[in-house]
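These notes concern the structure reproduced below.
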Amino acid sequence: MRNLIMLSLLVIIIAGCSNSIDMPSAGTARLYGAVLDREGNSLGGVKIDLIQLPQYTVVNEVIARPNGDYIFPQLQPGSYIIRVIKNSTVIIEENLTIYANQVVLKNLIEGNI
């Protein structure tokens, strides 16, 4: 748990210093965070799908960086499922609503299905 708290604080600090976490373009949103196992260790190299609801259409996908970080820089407002896949197995699946001009920090924890 301590690792998770420290990682969250680190992501927030980096976000404050990084141009890659600036405000999204007008009318869109930005989603970023880290993928973590149950002990708070990073899970790099996993696939992250962003599925738009209610169509259940994959609108974007990324591979988490080696340190577990991910970013979806330009999202349309709406409801989504964020799904993390490791070795062809879904290990995380969460619903989320994104609003215009929002910057969302969302750490994804293995086992949240």
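Just one of the listed residues (Ala26, Ala15) is modelled with pLDDT under 95, more than 12 Å from the chain's Cα centre (by Cα) and not in a helix (DSSP H, G or I), namely Ala26. The residues of the stretch 71-100 that are without any contact (Cβ under 8 Å) to a residue 60 or more places away in the chain and over 20 Å from Lys47 (Cβ atoms), listed by number, are Gln76, Pro77, Gly78, Ser79, Thr97.
From the residues in the stretch 42-71 that are among the small types (Gly, Ala, Ser) and within 15 Å of Leu31 (Cβ to Cβ), which one is surrounded by the fewest Cβ atoms within 10 Å (Cβ to Cβ)? Per the stated criteria, the residue is Gly68. Number of residues in the stretch 72-87 that are surrounded by fewer than 16 Cβ atoms within 10 Å (Cβ to Cβ) and either modelled with pLDDT under 95 or over 14 Å from Asp49 (Cβ atoms) (or both) equals 5.
The values are calculated or read from the model by the stated rules, or taken from the named source; none is laboratory data. Keep in mind that this is a model prediction, so the values were computed, not measured. Ideal geometry is used to build each Cβ from the backbone, glycine not excepted, and the neighbour counts take in all protein chains shown.
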